[in-house]
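Before any comments, here is the structure.
Read-outs: derived from the displayed coordinates by stated rules, not from any lab. Fair warning: this is a prediction, and the values are worked out from it, not measured in the lab. Glycine gets a Cβ as well: all are built from the backbone with ideal geometry, and neighbour counts include every protein chain shown.
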Amino acid sequence: MLVLKTDGDPIMIPLDSHIENIQGTYCDLNEYFCQMNFCLSGNWEYKKGIFDKFLDAERKVWLRVPFEVMSGRLDGECDGCDAIVKLGKPYVLNHLYNEGLDDEANISMTGGLFNQFQAPVDPDAPVKSRWVTQAEELLHQLEQTIVH
């Protein structure tokens, strides 16, 4: 199944994988993902998260494996973490970002911080087939490690 933009170009491509629906401790699964240079996405929450791996040098094309916490607590670190997680459906995503600084940056009234970075040009840019192929190969390697 492809998720399509209105012009027909794919923006997110879900991938079939044997790791989908696997349950295990966050620490054990995190170790497998770290061995393949995945990291915990910065937008994790106590009940869900995403293992991320960039596929291109510019860090715009990503292979993502979402997970949800089935029991316990996720705090982003393995020390003291007792979370049991269930892996979701992997997908490939392309985020097309502006390069450089934003000439019209604003001062945040609540945080007092200066936001100098531009918003993405297209957070859901089309995904080229070569990235899908690369992501499928990485998933196959993960399957060999996690499933067997």
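Here the simple spin-label model places points 7 Å from the Cα toward Cβ, and for Phe54 and Lys89 these points are separated by 2.7 nm. Look at the Cα gyration tensor of region 38-77: its axes a ≥ b ≥ c give a/c of at least 1.5 with a/b over b/c, and that counts as prolate. Projected label points at Ser71 and Gln134, each 7 Å from Cα along the beta carbon direction, are separated by 4.0 nanometres.
Give me the lysines in straight-line cross-link reach of Lys128: C-alpha distance below 20 Å, same-chain residues under 8 apart excluded. Excluding near neighbours in sequence, the set is Lys5, Lys53, Lys60, Lys89.
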